[in-house]
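Undergrad: First the structure, then my questions, so here it is.
What follows draws every value from the coordinates through simple rules; no lab data is involved. In this text the structure is predicted, and so the values were computed from the model without any measurement. All Cβ positions, even for glycine, are placed from backbone atoms using ideal geometry, and neighbour counts span all protein chains on display.
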Protein chains: 2
Amino acid sequence: MHGLMSLTAVGSIAFDSVRTPFGERERMLGGSAVHFALAASFFTDVHVVGPVGDDFGEDQVEVLASRGVDVGDIERVAGGRTFLWRGHYEADLNVAHTDDTQLGVFADFEPKLSEPSRNAEVLFLGNIQPDLQRRVRSQCEGTRLAALDSMNLWIETTREALVAAIAEVDCVILNDAEIRMLTEEPNLARAARTLMDLGPRIVVAKRGEYGAALFTGDTIFALPGFLLEDVRDPTGAGDSFAGGFLGYLDGCGAFEPDEVTLHRAIAYGTVLASFNVEEFGTERIQRLDAEEVTQRYAELRSLTHFDASQ
Amino acid sequence: MHGLMSLTAVGSIAFDSVRTPFGERERMLGGSAVHFALAASFFTDVHVVGPVGDDFGEDQVEVLASRGVDVGDIERVAGGRTFLWRGHYEADLNVAHTDDTQLGVFADFEPKLSEPSRNAEVLFLGNIQPDLQRRVRSQCEGTRLAALDSMNLWIETTREALVAAIAEVDCVILNDAEIRMLTEEPNLARAARTLMDLGPRIVVAKRGEYGAALFTGDTIFALPGFLLEDVRDPTGAGDSFAGGFLGYLDGCGAFEPDEVTLHRAIAYGTVLASFNVEEFGTERIQRLDAEEVTQRYAELRSLTHFDASQ
């Protein structure tokens, strides 16, 4: 559909049970690889890699396949249970609580990538154990732009492995609090520089409803989040952001992206994240169309450009 | 110096004793009216209104006067002590702690505005007791654009008076958490609409290091904060923001500002706030020059415009 470029996403494929002040859902489709892939599918061909259990249905696979996502590397583990996350949000949706996590088939996951997945130009290592990220990274010899997400759990429990994984990628995409935590530097701009000293040439700080900041060689870029009156469920927004960001870069063939392209990619990431949070789980992005993406990109421009005439 | 327009700022004139991870200062010049006036003085003529004690020196007055600020309505109370605030910040500078507040001459302050102050086109009611804000507002018959700041203390202790004060201004400038608290609405965009239902046609949400958002009739605008590697003291940043914002509007003669002018004003507010935090108290803004303001405005544009060519 999109052309010669493709992108591989490794991460959790999950059932999410979520409660927010605006409703709740049981065992809806979720996981970092799923949210990422759906968002990225608006820009390029995506291969999803990850394990599921017997309880994962054809309906769930079809959500991905109908967006053109290659599901050939979704590994169905006989007798296994799909990863499950249960959580809830406070009235202030910035505050999330995890109530239960069941690793299921993820406990023994050993990634096996097919040839197309290994040869994708862009690789996204979603938030999974850093040694697992490294084993995927080492299989992908065709990768020209590798990016990684992580979380506080791995910073606390497997710090050395995470630092090693970071050294092997070109781009890190983390929450701003996680960047500060990992580098033990409270100033975000300095923390991002510290992270770049580990290897990556691109650092993206996700800031929740406040948007995102981008750090490259010697420049900084930032956008606020797209302000919405209806936010129902923030689950997966960070992965949708990453999917919009890396999907756009891959779609452009921008494996060594210039500043202009990176800034547009941040804008597309912001746009995809904004749709993600409008409804529960993947509900909104499942029925999103390309025209809506283009329109909100233009709206984001109006929302942030203060001196377009000069 | 600036022309026919002028702006009146009422608020605290203070000594601030501040400790941050980057140093500490005893009894430095501060207060909402001071930070506001210094920032606004880059754009228009400013009258400062507020009381000080015998301990307030000519050096402090000179800081304002040397920026062209009219200090004729700074009321020196014989035998009184200047308002004092003592506080400190954590390694994460977003977390502030108040250690002491001594109202001093502010306890019995009854504002008396001179003719030039009463006739200024733009009025800024800094963060003081809402009934006091209302008494100032009622004196200013020449005002064409009145704006108000407040804080959690007044939301908690004098809510009705604050709501009455808000109904009498055109513009509210508050922290985003305060807007949510006052309206009891966790979604910022909805909270801003609720605030507009009370009277004001312009709502500005200050978001600390994350920048600011602007809500008008039916549109939303937002900018991230200017990302800096050196942030030493956030005290007064919100007032410098308000000073840049309203000072620019007054300097343009924009008393019923259009969207383009408002967006530029938000950018100038962001710029002035960014200089404020680089050093302690008023240290940086005291030696700021107009060229630096213009330059950072252009840098902010580069930091946030993702598609300037289209």
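Undergrad: Quick one: with label points 7 Å out along Cα→Cβ, list the inter-copy distances for B:ASP108 in nm, shortest first?
TA: Here the equivalent label points are 8.2 nm apart from this one.
Undergrad: When you count, for each residue, the other Cβ atoms within 10 Å and take the mean per peptide, how do A:201-209, A:109-117, A:81-89 rank with the highest first?
TA: On the way: A:201-209: 22.9, A:109-117: 15.4, A:81-89: 20.0.
Highest-to-lowest ranking by the protection proxy: A:201-209, A:81-89, A:109-117.
Undergrad: Which of the GluC sites (Glu not before Pro) found in segment A:50-103 are in a DSSP loop and have at most 15 neighbouring Cβ atoms, other than their own, within 10 Å? All intermediate terms of the calculation are to be shown ahead of the outcome.
TA: On the way: sites: A:GLU58, A:GLU62, A:GLU75, A:GLU90; in loops: A:GLU90.
Of the GluC sites (Glu not before Pro), the ones in loops of segment A:50-103 whose Cβ has at most 15 other Cβ atoms within 10 Å are A:GLU90.
Undergrad: I'd like the Karplus ³J(HN,Hα) series for segment A:104-115: coefficients 6.51, -1.76, 1.60, θ = phi - 60°, whole numbers in Hz, and an x wherever there's a Gly or Pro.
TA: Karplus-based 3J(HN,Hα) across segment A:104-115 equals x, 5, 6, 4, 10, 5, 10, x, 10, 9, 6, 4 Hz.
Undergrad: When only C-alpha pairs under 8 Å and at least 6 residues apart count, what is the relative contact order of segment B:1-47, in percent?
TA: 49
Undergrad: State the extension gain, in nm to one decimal, for the chain segment bounded by B:ASP131 and B:ASP218, taking 0.36 nm per residue of separation less the distance between their alpha-carbons.
TA: Here the segment from B:ASP131 to B:ASP218 would lengthen by 28.3 nm.
Undergrad: Can you work out the FRET efficiency for the pair A:MET151 and B:ASP99, with r the C-beta to C-beta distance and R0 = 41 Å, to the nearest 0.05?
TA: In this case the efficiency is close to 0.70.
Undergrad: Another question, if that's okay. From the label point of A:LEU4, set 7 Å along Cα to the beta carbon, how far off in nm is each other copy's matching point, shortest first?
TA: Listed shortest first, these distances are 6.5 nm.
Undergrad: Using a basic spin-label model with each label point 7 Å from the Cα along Cα→Cβ, how many nm lie between B:GLU184 and A:GLU229?
TA: Spacing of the two 7 Å Cα→Cβ label points: 2.1 nm.
Undergrad: Taking amide H positions as placed 1.01 Å from N in the peptide plane, with prolines and chain starts having none, which residues 5 or more places from B:GLU75, or on another chain, fall under 5 Å of its amide H?
TA: B:GLY50, B:VAL52
Undergrad: When each copy gets a label point 7 Å from Cα toward the beta-carbon at B:GLY87, what are the spacings between them in nm, shortest first?
TA: For B:GLY87, the other copies' label points sit at 3.1 nm, shortest first.
Undergrad: As a check on your grasp of the helix formula, calculate [θ] at 222 nm for chain B: sum -39500 (n - 2.57) over DSSP H runs of n ≥ 4, divide by the residue count, round to the nearest 500.
TA: Value at 222 nm, helices only, nearest 500: -11000 deg cm²/dmol.
Undergrad: Consider the operator that turns chain A into chain B: which A residue has a Cβ nearest its axis, and what is that gap in Å?
TA: A:TYR210, 2
Undergrad: How shielded is B:256-269 by partner chains, expressed as the average number of their Cβ atoms within 10 Å of its Cβ atoms? List each step's numbers first, then the result.
TA: Values: counts 0, 0, 0, 2, 4, 1, 1, 7, 3, 1, 1, 3, 1, 0.
Across the residues of B:256-269, the mean count of other-chain Cβ atoms within 10 Å is 2.
Undergrad: Suppose the chain between B:SER114 and B:ASP92 were pulled fully straight at 0.36 nm per residue; how much longer would it get relative to their current alpha carbon spacing?
TA: 3.7 nm
Undergrad: Relative contact order of chain B: what whole-number percent is it, with Cα pairs under 8 angstrom and at least 6 residues apart?
TA: 18
Undergrad: Would you calculate the separation in nanometres between label points at A:GLU24 and B:GLU256, each defined as 7 Å from the Cα along the Cα-to-beta-carbon direction?
TA: Distance between the two pseudo-spin positions: 5.2 nm.
Undergrad: Which value, to two decimals, describes the C-alpha radius of gyration of segment A:63-189 once divided by 2.2 N^0.38 Å?
TA: Numbers: Rg = 16.4 Å, N = 127, 2.2 N^0.38 = 13.9 Å.
Cα Rg divided by the expected 2.2 N^0.38 Å: 1.18.
Undergrad: Percent of Cα-Cα pairs more than 31 Å apart in chain B, please.
TA: Roughly 22 percent, once rounded to a whole number.
Undergrad: Restricting attention to segment A:206-310, which chymotrypsin sites (Phe, Trp or Tyr not before Pro) occupy a DSSP loop and are surrounded by at most 16 other Cβ atoms within 10 Å?
TA: Of the chymotrypsin sites (Phe, Trp or Tyr not before Pro), the ones in loops of segment A:206-310 whose Cβ has at most 16 other Cβ atoms within 10 Å are A:PHE255.
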